[in-house]
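Q: What follows is a structure written as structure tokens; I'll ask about it next.
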Amino acid sequence: MINMQDKTLSCRDCAKEFIFTTGEQESFAQRGFTNEPSRCPECRATRKANNANSPGSFSGGGYERREREMFPAVCAQCGKATTVPFRPSGGRPVYCSDCYSAQRPSGASGYGGDRSSR
């Protein structure tokens, strides 16, 4: 085992000196971190808080889901204007939710479906 000692480091954000204690060094080593911290505890906390508030962040027990982009389309069966969660390419028919539900065989979950007719 390496004999660790407290180290004085300089923060890359505020240039303030801070102590990287032997306990912190041991904790870093146990987690598999090979680099020393480059920010003081205050700047690390500020950075972590700012990242937790950014869109798409996984911090805080969950993440904020972005609004799904919807695209205008015309139903191939009834001609009704509708919106769909994908950009219609024109190569395949697009259905409104009512006509799509009527197209699916009863009892189909929408995942996998009946493959015997393929």
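Q: Restricting region 88-100 to residues that are small (Gly, Ala, Ser) and surrounded by fewer than 11 Cβ atoms within 10 Å (Cβ to Cβ), which is farthest from Ala73 (Cα to Cα)?
A: If we take residues in region 88-100 being small (Gly, Ala, Ser) and surrounded by fewer than 11 Cβ atoms within 10 Å (Cβ to Cβ), then Gly91 is farthest from Ala73 (Cα to Cα).
Q: Please specify each residue of region 5-34 satisfying the condition of being in a strand (DSSP E or B) and either within 26 Å of the chain's Cα centre (by Cα) or of a type in the set (Ser, Thr, Tyr) (or both).
A: Thr8, Ser10
Q: Let me ask another. What residue, among those in region 35-49 that are surrounded by 14 or more Cβ atoms within 10 Å (Cβ to Cβ) and assigned to a loop (DSSP other than H, G, I, E, B), is farthest from the chain's Cα centre (by Cα)?
A: The extreme case among them is Cys40.
Q: Cβ contacts < 8 Å: first residue without any contact (Cβ under 8 Å) to a residue 12 or more places away in the chain, restricted to region 1-20; second residue in a loop (DSSP other than H, G, I, E, B) and of a type in the set (Lys, Arg), any location; separation 6+ or different chain. Result?
A: Close Cβ pairs (under 8 Å, with a partner that is in a loop (DSSP other than H, G, I, E, B) and of a type in the set (Lys, Arg)) amount to Ser10/Lys16.
No value in this document is a laboratory result; all are computed from the given coordinates. Because the structure is a prediction, the values reported are computed rather than measured. Note that each Cβ is placed from the backbone with ideal geometry, even for glycine, and that neighbours are counted across all protein chains shown.
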